[in-house]
Amino acid sequence: MNAIQFPLSRVTIAFIFGILVAHFSNIDFIWANILIAFSFATFCGVYFWTQRQFIQNSFFGIATYFFSFCIGIYALMIHSSWNQKDNYVHQIHSFDIPHQTEIVLREKLKNTRYGQRYIALVNQIDNKNCSGKIMLNFKNNCLGNNVQIGTRLRLFTTIIPHKPPLNPDQFDYGKYLATKSILAQAYVEKSQFSVQHQLVKDAFYYSDLFRSKILLGLQKAHFKSVELNVLAALILGQQQDISQDIVRDYQMAGAIHILSVSGLHVGFIVIFLGFILKWLPKTKWVSYFKLAFILVSLWGFAFIAGLSPSVIRSVTMFSFVAIGLHLKRKTNMFHTLLVSLLMILLFEPSFLFDVGFQLSYLALFFILWLQPLLGSIWEPEYQITKYFWDILTVSFAAQIGTLPISIYYFHQFPGLFFVTNVIVIPFLSAIMALGLGLVILVLFGMTPLFLVRIVERLIYVLNYIIHKIASFDQLVIKEIPINILLVLCLYTFLIAVIVYFKKPSYQKLAFAFITIILIQGSFFYTRWTNQNKNELLVFNIKKATLIAERNGNNVVVFTNSTLGKNNPIQPYITANFSKVIKKKALPKLMYALNKKIVLIDSSRAYPKNTKPDILLLRQSPKINLNRVFQTCKPRLVIADVSNFKSYVSLWKATCLKEKIPFHNTYEKGFYKLEN
């Protein structure tokens with residue numbers, strides 16, 4: 001079966017290309033309107049023309065794909081929070097002053113060491129009605145632990161728009177939040193907010209109420225806290241209280257996806273419900289009852305799990321899968337998968353850039369497409385053997401399908417993920433089945449202690465197994481360099497190999513070998529591109545100074561500090577296929593890229609009359625910058641974060657007066673000098 005030959009596949013691909021073009025280009029909203037109007041008129045005109053001609057059907061196909069492409073552009077434009085005039089970011093004239101803001105708490109996030117975090121809906125800014133999402137950071141847990149979702153707050157605080165990463169190739173958290181339509185955040189102290197008495201009792205409020213009732217019932221049954229937090233993540237979609245040690249173990253074992261409600265969990269529910277309902281009579285009306293029961297159960301699960309975007313996305317996807325299973329047509333599963341993809345992106349096109357969305361659809365697609373091929377390698381004789389063989393092949397198919405993009409986002413590969421999946425999935429199946437039953441009973445006021453102890457013990461054993469697998473951290477391959485070009489070439493190779501093994505031919509084998517050459521070519525092209533780059537970077541590192549000079553793939557690091565595991569230079573090295581060949585102490589004078597750089601530290605000693613191109617100030621030297629300029633007037637002054645902010649402000653004012661460019665890494669992040 002060649003899924004790409006489905007007309008719906010081509011329409012979906014054109015639609016996705018439209019979203020990508022709108023995302024990576026600066027198309028004006030007026031042009032988006034012109035494009036959608038022109039493409040619709042073309043589509044209608046070609047349709048009526050082909051109805052008369054009976055032969056030029058290819059023109060109708062082209063018009064359809066172009067119309068789908070333009071819909072993709074338009075969908076992203078109209079759903080973008082930046083294009084919504086009533087969004088609160090357009091109501092704020094200055095982000096430097098506090099604003100009177102009225103918000104409603106929507107979702108609780110994992111706490112940080114600084115305090116509590118929530119996603120909230122903005123209703124008013126300075127008494128003006130508006131809309132949009134904002135992330136709130138309540139310092140020192142000042143909000144308290146008994147606050148309900150739906151609580152209305154009045155704030156008087158500064159709204160802070162997202163800033164780019166402070167160091168090169170770091171994870172862009174602001175961009176990540178923006179894809180979730182969260183365009184700003186605020187830091188709130190106890191004196192800056194007041195709680196309004198009237199709650200907003202919407203679906204999210206009642207969902208939180210049910211979850212609180214379930215957790216309270218389990219706590220009264222003395223469900224151990226560590227295991228309860230894992231159960232809350234698996235079934236209720238609440239990861240806020242899981243300890244960092246547990247999270248790290250799941251990451252190292254390649255099982256972190258288990259802790260967030262996703263397609264895996266929803267898929268288990270579909271399979272479990274199908275197993276229970278298969279004993280019913282196989283009649284037409286019973287079949288419709290089964291489908292209705294599964295759909296109601298899935299959306300009931302989404303409600304209990306908090307109606308978060310990831311849960312709604314997974315439930316929508318498997319709702320279409322359930323419909324496909326109900327229709328029982330040979331090609332229907334791929335059709336339903338494409339329909340669900342198209343429907344989700346039509347209403348939330350920004351999901352296309354969500355990592356969870358990409359991994360979910362790739363995993364399910366490769367399970368449907370590749371697992372039958374892997375399963376046909378061996379036909380086990382016994383049922384128990386077949387069960388474990390199916391788990392292994394499903395895990396292989398999902399992992400193979402998501403491997404390139406997983407490495408691209410996380411730059412690591414857990415070597416024992418196969419062992420993890422074979423061992424963990426049976427436990428997860430039992431925990432999901434018994435845990436869901438326990439949750440439903442607790443909702444109805446029943447908490448059977450024997451079931452509590454069974455689920456608690458299963459989670460304890462699961463955590464223990466994960467911890468033991470994670471202890472082999474030497475089998476986790478880290479800091480794997482890869483770029484989007486290599487990812488695309490790897491997927492081309494995977495598709496070519498699978499197509500060949502499904503129906504071998506000489507042409508398909510030749511194409512598979514060509515894709516290997518493409519991978520090699522893209523790798524060498526990347527290496528060659530990096531080989532011709534020379535640059536100097538001053539990093540943003542707290543209470544220290546870090547300078548990196550890169551010549552091709554070799555990096556020389558200048559610092560007087562010890563570089564830990566999470567040093568900011570590692571993402572830069574990985575992203576640029578480079579390696580650190582030498583570490584040196586910071587000099588007073590250095591030359592790089594034909595530039596003379598003078599460093600002044602707390603000792604205040606520096607070479608006089610050098611006329612440097614760049615002056616770098618570090619460790620808060622007590623100097624009069626005007627006097628320094630008399631002996632060496634640089635073309636640029638850089639102050640890194642090892643300096644006191646008060647000193648940096650004075651230096652900035654002096655440079656402004658002397659008309660010398662000033663780069664403050666507190667505000668602007670790292671500095672890069674290229675040739």
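The values are calculated or read from the model by the stated rules, or taken from the named source; none is laboratory data. Values in this document were obtained by computation on a predicted structure and should not be read as measured data. Glycine gets a Cβ as well: all are built from the backbone with ideal geometry, and neighbour counts include every protein chain shown. For the accessible areas, the whole protein counts, side chains as well, though only heavy atoms, and no ligand, DNA or RNA atoms are used. Shrake-Rupley method; radii C 1.70, N 1.55, O 1.52, S 1.80 Å.
Just one of (1) hydrophobic (A, V, I, L, M, F, W, C); (2) surrounded by 18 or more Cβ atoms within 10 Å (Cβ to Cβ); (3) more than 27 Å from residue 551 (Cα to Cα) trips up residue 623, so point out which.
Exception for residue 623: condition (2).
Could you check the stretch 555-576 and list, in sequence order, the residues that are under 28 Å from the mean Cα position of the chain (by Cα) and assigned to a loop (DSSP other than H, G, I, E, B)? Explain how you work it out, then say what you get.
Taking the stretch 555-576 first, the residues under 28 Å from the mean Cα position of the chain (by Cα) are 563-576.
Within the stretch 555-576, 563, 564, 565, 566, 567, 568, 576 qualify.
In the stretch 463-521, which residue that is aromatic (Phe, Trp, Tyr) and under 26 Å from residue 248 (Cα atoms) is surrounded by the fewest Cβ atoms within 10 Å (Cβ to Cβ)?
Residue satisfying both the conditions and the ranking: 464.
In the stretch 516-554, what residues are closer than 26 Å to residue 663 by Cα, hydrophobic (A, V, I, L, M, F, W, C) and under 29 Å from the mean Cα position of the chain (by Cα)?
537, 538, 539, 541, 546, 548
Any residue in the stretch 649-666 that is at negative phi sitting within a Cβ distance under 7 Å of a residue that is open to solvent by less than 30 Å² (accessible area, probe 1.4 Å) and among the charged types (D, E, K, R)? List the pairs, counting only those 6 or more apart or interchain.
That search, which allows pairs on different chains as well, returns 665/640.
Among 159, 182, which is over 19 Å from the mean Cα position of the chain (by Cα), touching a residue at least 60 places away in the same chain (Cβ under 8 Å), under 23 Å from residue 81 (Cα atoms) and open to solvent by less than 40 Å² (accessible area, probe 1.4 Å)?
159
If we scan the stretch 633-642, do we find a residue that is surrounded by fewer than 17 Cβ atoms within 10 Å (Cβ to Cβ), within 19 Å of residue 606 (Cα to Cα), in contact (Cβ under 8 Å) with a residue 12 or more places away in the chain and not acidic (Asp, Glu)?
Checked against the condition, which is being surrounded by fewer than 17 Cβ atoms within 10 Å (Cβ to Cβ), within 19 Å of residue 606 (Cα to Cα), in contact (Cβ under 8 Å) with a residue 12 or more places away in the chain and not acidic (Asp, Glu), the stretch 633-642 yields at least one hit.
Scan the stretch 553-569 residue by residue and report those that are surrounded by fewer than 18 Cβ atoms within 10 Å (Cβ to Cβ), at pLDDT 90 or above and not hydrophobic (A, V, I, L, M, F, W, C).
554
Can you pull out every residue in the stretch 599-620 that is crowded, with 19+ Cβ neighbours inside 10 Å and either in contact with a Gly (Cβ under 6 Å, 6 or more places away or on another chain) or of a type in the set (Lys, Arg) (or both)?
Hit for the stretch 599-620 is 618, nothing else.
Residue-wise test of (1) within 28 Å of the chain's Cα centre (by Cα); (2) at pLDDT below 85; (3) farther than 25 Å from residue 27 by Cα; (4) not small (Gly, Ala, Ser).
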position	(1), (2), (3), (4)
89	yes, no, no, yes
105	yes, no, yes, yes
109	yes, no, yes, yes
114	yes, yes, yes, yes
117	yes, no, yes, yes
125	no, no, yes, yes
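Just to be sure before I move on: is residue 84 modelled with pLDDT under 90, open to solvent by less than 40 Å² (accessible area, probe 1.4 Å) and in contact with a strand residue (DSSP E or B) (Cβ under 9 Å, 6 or more places away or on another chain) in the structure I sent?
For residue 84, the condition - modelled with pLDDT under 90, open to solvent by less than 40 Å² (accessible area, probe 1.4 Å) and in contact with a strand residue (DSSP E or B) (Cβ under 9 Å, 6 or more places away or on another chain) - is not met.
Would you mind finding the one in 293, 318 that is within 24 Å of residue 179 (Cβ to Cβ) and either touching a Pro at 6+ places or on another chain (Cβ under 6 Å) or in a helix (DSSP H, G or I) (or both)?
318
Return yes when residue 295 is touching a residue at least 12 places away in the same chain (Cβ under 8 Å), open to solvent by 20 Å² or more (accessible area, probe 1.4 Å) and more than 24 Å from residue 214 (Cα to Cα) and no when it is not.
no
When the residues of the stretch 129-145 are filtered to those that are touching a helix residue (DSSP H, G or I) at 6+ places or on another chain (Cβ under 9 Å) and surrounded by fewer than 19 Cβ atoms within 10 Å (Cβ to Cβ), which remaining residue is modelled with the lowest pLDDT?
Per the criteria, the residue is 140.
Has the stretch 577-592 got any residue that is assigned to a loop (DSSP other than H, G, I, E, B), in contact with a Pro (Cβ under 9 Å, 6 or more places away or on another chain), open to solvent by 70 Å² or more (accessible area, probe 1.4 Å) and in contact (Cβ under 8 Å) with a residue 12 or more places away in the chain?
yes
Find the residue count for the stretch 593-625, including only residues that are touching a residue at least 12 places away in the same chain (Cβ under 8 Å) and either assigned to a loop (DSSP other than H, G, I, E, B) or among the aromatic types (Phe, Trp, Tyr) (or both).
Matching residues across the stretch 593-625 total 21.
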